[in-house]
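The values are calculated or read from the model by the stated rules, or taken from the named source; none is laboratory data. None of the values given here were measured: they were computed from a predicted structure. Backbone-built Cβ (ideal geometry, glycine too); neighbour counts: all protein chains shown.
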Amino acid sequence: MGQLRMNTLIDSFGRRHKDLRVSLTDKCSLRCIYCMPENFSGWQKSDHLLNTNELMSVISAAVSVGIKEIRLTGGEPLLRPDIVDIVSRISALPNAPKLSLTTNGLRLAELARPLKDAGLERINVSLDTLDRDNFKKLTHRDRIDDVFAGLKSARDAGLMPIKINVVLLRGINHKEAPALLKWAMNEGFSMRFIEQMPLDAGGIWDRTTMVTAKETMTSLLPHFELFPVPDRGSSPAEEFYINGTLETVGIIASVTQPFCGACDRLRLTSDGQLRSCLFSLEEMDLRKVLRNPNFTSGEIEDEIAARLYKTIAGKLSGHGINDPTFVQPRRPMSAIGG
Ligand code: SAM
Ligand code: SF4
């Protein structure tokens, strides 16, 4: 490593970036309708996927320039055969970042304990419904029992706090918010309702029918007393204390109340492209650097650090979903990493 590095990633709007979302694969075991059509076939080429060593080069370069948190995601990150090794190698880094993972939960029953032992701190599990038929409608798979079994194993393994991500869709699960929150409180999980975003491969997003954060609040308020938690920081979720307890529920209003002003996130796709935003139309190619046969490993890390600075320098002030000129990115959510 030759170059002097600044230990901060500050963009031209003064936002300090500390969080890197790392997509490990674009493949998935479910077909959530707001994410991927049932017959989706636009997969990345398998030889474009970063291998374990390549991923680790990017992550250690990112940590060296100020990344403090890594979230592993996908596609479905637990489909990666090397997932436990990845977690263990990130946890063993000098200045190891905080490490979490977002999963659909299907493989958690077998993997929760090995992941915890390898150093994973906590997880987010996506579960949009408690109803088997609705689960089938939403995911095109009859696997709700695997999610419940995975959640139990994760709790037993101590992967806490467990956050449950919910996307509400009108006409399917939009009436389930109060039941989901009651269930989560009983189970000791923390619930987050996320507005559906225009990032699906099937192009089904429709502003006029999406369930807004305001509607979700309206459906919760007859059942729960909700008090805003002060000091949201850079969290995308607006948090509320429930019924005077310290338990909280989060509402992520990505579309109707964007929180771009406090964004501290960067994203790495599983084929090695760096993105400054979910909605970026531009990417920085890191795979090309990682596979350059003329570079030493030190030169690779230096060039990746340089590309991290460059990506941050070009980051826009906001995602622009609400601008009339908004264009949905070519990559769907499953290929970016949510
Ligand atoms: N497969 C894993 C899972 O589902 O948790 C990780 C990847 S998934 C893309 C990450 C999160 O993005 C999930 O909580 C999912 O519900 C959310 N998501 C996917 N498509 C979305 C969309 N169009 N709008 C809002 N959230 C979405
Ligand atoms: Fe798969 Fe997650 Fe997308 Fe659902 S949201 S299809 S589980 S990547």
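Highlighted here are the strands (runs of 3 or more DSSP E) found entirely within region 166-277 that include at least 1 residues which are among the basic types (Lys, Arg) and under 15 Å from the mean Cα position of the chain (by Cα): 190-194, 265-268, 273-275. The set of residues in region 1-56 being of a type in the set (Val, Ile, Thr), within 16 Å of ligand 1 (Cβ to nearest atom) and within 24 Å of GLY318 (Cα to Cα) consists of VAL22 alone.
Looking across region 295-315, just one residue is without any contact (Cβ under 8 Å) to a residue 60 or more places away in the chain, closer than 15 Å to SER60 by Cβ and in contact with a strand residue (DSSP E or B) (Cβ under 8 Å, 6 or more places away or on another chain), and that is ARG307. Summed over region 74-106, the residues that are away from ligand 1 (no atom under 15 Å from the Cβ) and on the phi > 0 side of the Ramachandran plot give a count of 1.
When you check PRO230 against the structure, is it modelled with pLDDT under 95 and more than 16 Å from ligand 2 (Cβ to nearest atom), yes or no?
yes
Would you please name the residue that is farthest from ligand 1 (Cβ to nearest atom), looking only at residues in region 295-315 that are of a type outside the set (A, V, I, L, M, F, W, C) and part of a loop (DSSP other than H, G, I, E, B)? That would be THR296.
If the condition is being within 16 Å of ligand 2 (Cβ to nearest atom) and either without any contact (Cβ under 8 Å) to a residue 12 or more places away in the chain or part of a helix (DSSP H, G or I) (or both), then region 110-133 contributes only LEU111. Can you spot a residue in region 2-11 that is of a type outside the set (Val, Ile, Thr), closer than 19 Å to ASN165 by Cβ and assigned to a loop (DSSP other than H, G, I, E, B)? No: region 2-11 contains no residue that is of a type outside the set (Val, Ile, Thr), closer than 19 Å to ASN165 by Cβ and assigned to a loop (DSSP other than H, G, I, E, B).
For region 279-294, filtering for residues that are of a type in the set (A, V, I, L, M, F, W, C), in a loop (DSSP other than H, G, I, E, B) and either farther than 17 Å from GLN44 by Cβ or free of Cβ contacts under 8 Å to residues at least 12 places away in the same chain (or both) leaves 2.
Among the residues of region 70-109, just one is closer than 24 Å to GLU299 by Cα and in a strand (DSSP E or B), namely ILE70. Scanning region 172-204 for residues that are out of contact with any helix residue (DSSP H, G or I) (no Cβ under 8 Å at 6 or more places or on another chain), modelled with pLDDT of 95 or more and small (Gly, Ala, Ser) returns ALA179, ALA184.
For PRO178, indicate whether it is without any contact (Cβ under 8 Å) to a residue 40 or more places away in the chain and closer than 22 Å to PHE224 by Cα. Spelling it out, it is not the case that PRO178 is without any contact (Cβ under 8 Å) to a residue 40 or more places away in the chain and closer than 22 Å to PHE224 by Cα. You will find that of GLY318, GLY261, the residue that is at pLDDT below 95, over 16 Å from ALA62 (Cα atoms), away from ligand 1 (no atom under 16 Å from the Cβ) and touching a helix residue (DSSP H, G or I) at 6+ places or on another chain (Cβ under 6 Å) is GLY318 and no other.
Selection of region 55-106 for residues being within 13 Å of ligand 2 (Cβ to nearest atom) and either of a type in the set (A, V, I, L, M, F, W, C) or more than 19 Å from the chain's Cα centre (by Cα) (or both) yields LEU72, LEU78, LEU79, LEU101, LEU106.
Just one residue in the set LEU220, LEU138, LEU151, LEU168 is within 16 Å of ligand 2 (Cβ to nearest atom), buried (at least 20 other Cβ atoms within 10 Å of the Cβ), farther than 25 Å from ALA112 by Cβ and among the hydrophobic types (A, V, I, L, M, F, W, C); that residue is LEU168.
Across region 115-132, the qualifying residues are those that are of a type outside the set (Gly, Ala, Ser) and under 10 Å from THR103 (Cβ atoms), and the one among them that is farthest from ligand 1 (Cβ to nearest atom) is LEU115. Among residues of region 4-20 that are in contact (Cβ under 8 Å) with a residue 60 or more places away in the chain, those with a Cβ under 7 angstrom from a residue that is of a type in the set (D, E, K, R) and part of a loop (DSSP other than H, G, I, E, B), sequence gap 6+ or separate chain, pair up as ASP11/LYS315; ARG15/ASP264; ARG16/ASP264; HIS17/ASP11; HIS17/ASP264; LYS18/LYS68; LYS18/ASP264; ASP19/ASP264.
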